Amino acid sequence: MPEGLRLTKNSDAAIIVLHEIYGINPFMHAVCQKYHSLGYDAYCPNLLGRSEYFPYDRQDIAYAHFIKHGGFDRNSLVTDLCESIRREYKQIFLLGFSVGATLAWISSASGIFDGAVCHYGSRIRDHLQLTPSCPVLLLFAGQEASFSPESILPSLSAIPNVRGEIFNARHGFCDPFSPNYNAPAAMKAEKLAQNFLLEKSGTTKEAPAKHE
């Protein structure tokens, strides 16, 4: 499998960033750089089995490729990565977007992570039976085309260590390269994610959320 992205500087905390169906695109690079600058070692495994990322206008093709090459069973790759670096860190967190958020949710029940942030993981609705073994922050897009997050958030929020919020925005609202980008919602979500990680690790510096 093509290598993923790795940014390290001997931190005692790591974040594994899980990309969308498009692959490791400029947005994923920006996310990894952001959290690396905040004091984390950042990893973004390649879940697609190819070096090139998909453009946004090939969404259907990208999703079909993701499913064909393992889909949500790729959580084993995520847990394997964690286990391979576990001895190097006091804490390892997950930060997922879209399908990556659903993978983060699935992986959060493995017992080997210290926290997870899930951005607009619409397929989390297919895995409501899971009980995370670590704190989880769920950030949903209220304007989902395929389902209503309001229908599942109450039951999810009732799970110990799980909290969530719904934004009046479309799927992909955190990505400044996406046509669905919503700057106010993205800034609020980024701030919530950073503060969640600050609370759990003490590693990040509290600062206004912005895309560099």
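The values are calculated or read from the model by the stated rules, or taken from the named source; none is laboratory data. These numbers were taken from a predicted model, which means no experiment stands behind them. As a convention, Cβ positions derive from the backbone with ideal geometry for all residues, glycine included, and neighbour counts pool all protein chains shown.
Residue-wise test of (1) among the small types (Gly, Ala, Ser); (2) touching a residue at least 12 places away in the same chain (Cβ under 8 Å).
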residue	(1), (2)
Ala101	yes, yes
Gly121	yes, yes
Leu130	no, yes
Ser148	yes, no
Ile152	no, yes
Asn168	no, yes
Gly172	yes, yes
Ala183	yes, no
Lys188	no, yes
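A single entry from Gly172, Gly164 fulfils the requirement of being touching a strand residue (DSSP E or B) at 6+ places or on another chain (Cβ under 8 Å) and either assigned to a loop (DSSP other than H, G, I, E, B) or more than 17 Å from Phe97 (Cα to Cα) (or both): Gly172. Scanning region 110-159 for residues that are hydroxyl-bearing (Ser, Thr, Tyr) and under 17 Å from the mean Cα position of the chain (by Cα) returns Ser110, Tyr120, Ser122, Ser133. With respect to Asn75, is the statement that it is under 15 Å from the mean Cα position of the chain (by Cα), closer than 22 Å to Phe196 by Cβ and at pLDDT below 95 true? For Asn75, the condition - under 15 Å from the mean Cα position of the chain (by Cα), closer than 22 Å to Phe196 by Cβ and at pLDDT below 95 - is met. No other residue among His65, His69 is more than 21 Å from Cys174 (Cβ to Cβ) and free of Cβ contacts under 8 Å to residues at least 24 places away in the same chain apart from His69.
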